[in-house]
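*Asks:* Encoded as structure tokens, here's the structure I'll be asking about.
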Amino acid sequence: MTKDELAAQARRSFDVWNQHDADGVAHFYTSAATVRDSADPDNAATGKDAIAARARMILGDFSDIYWDTASFLRQAGALPANAPAARAL
């Protein structure tokens with residue numbers, strides 16, 4: 001995967017979270033994938049249906065959740081702290 005392909009994939013992932021599309025979130029995983037919450041690693045979601053259900057739970061608990069790519073990159077140290085954030089609603 002090229003750097004541009006990886007960036008496009010990351011943008012698509014942010015987009016489905018921001019659209020509150022739990023099935024879209026699950027689309028990024030294989031049917032054999034397992035997602036664990038770092039706060040509760042024994043409570044795993046395995047498979048697309050379980051991952052979609054976990055995403056629905058998160059989106060339901062945090063109805064105003066919005067993933068901002070710039071903020072994420074700043075936290076990862078990949079973008080300067082003073083870089084502007086763009087937000088499309």
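The values are calculated or read from the model by the stated rules, or taken from the named source; none is laboratory data. It should be emphasised that the depicted structure is a prediction, and the values quoted were computed from it without experimental measurement. Ideal geometry is used to build each Cβ from the backbone, glycine not excepted, and the neighbour counts take in all protein chains shown.
*Asks:* Can you tell me which residues in the stretch 24-70 are within 22 Å of A7 (Cα to Cα) and of a type in the set (F, W, Y)? Give the derivation first.
*Replies:* In the first step, residues of the stretch 24-70 are kept if they are within 22 Å of A7 (Cα to Cα); the result is 24-30, 33, 35, 55, 65-70.
Correct list: F28, Y29, Y66, W67.
*Asks:* Give me the residue from the stretch 15-54 that is among the polar types (S, T, N, Q) and surrounded by 14 or more Cβ atoms within 10 Å (Cβ to Cβ) and, out of that set, modelled with the lowest pLDDT.
*Replies:* Taking the stretch 15-54 first, the residues among the polar types (S, T, N, Q) are 18-19, 30-31, 34, 38, 43, 46.
Filter once more, so that each one left must be surrounded by 14 or more Cβ atoms within 10 Å (Cβ to Cβ): 18, 46.
Values: N18: 92, T46: 96.
The residue in question is N18.
*Asks:* Oh, and also: Could you tell me whether A81 is exposed (fewer than 10 other Cβ atoms within 10 Å of the Cβ), at pLDDT below 95 and touching a helix residue (DSSP H, G or I) at 6+ places or on another chain (Cβ under 7 Å)?
*Replies:* Details: exposed (fewer than 10 other Cβ atoms within 10 Å of the Cβ): yes; at pLDDT below 95: yes; touching a helix residue (DSSP H, G or I) at 6+ places or on another chain (Cβ under 7 Å): yes.
Here the answer is yes, as A81 does meet what is asked.
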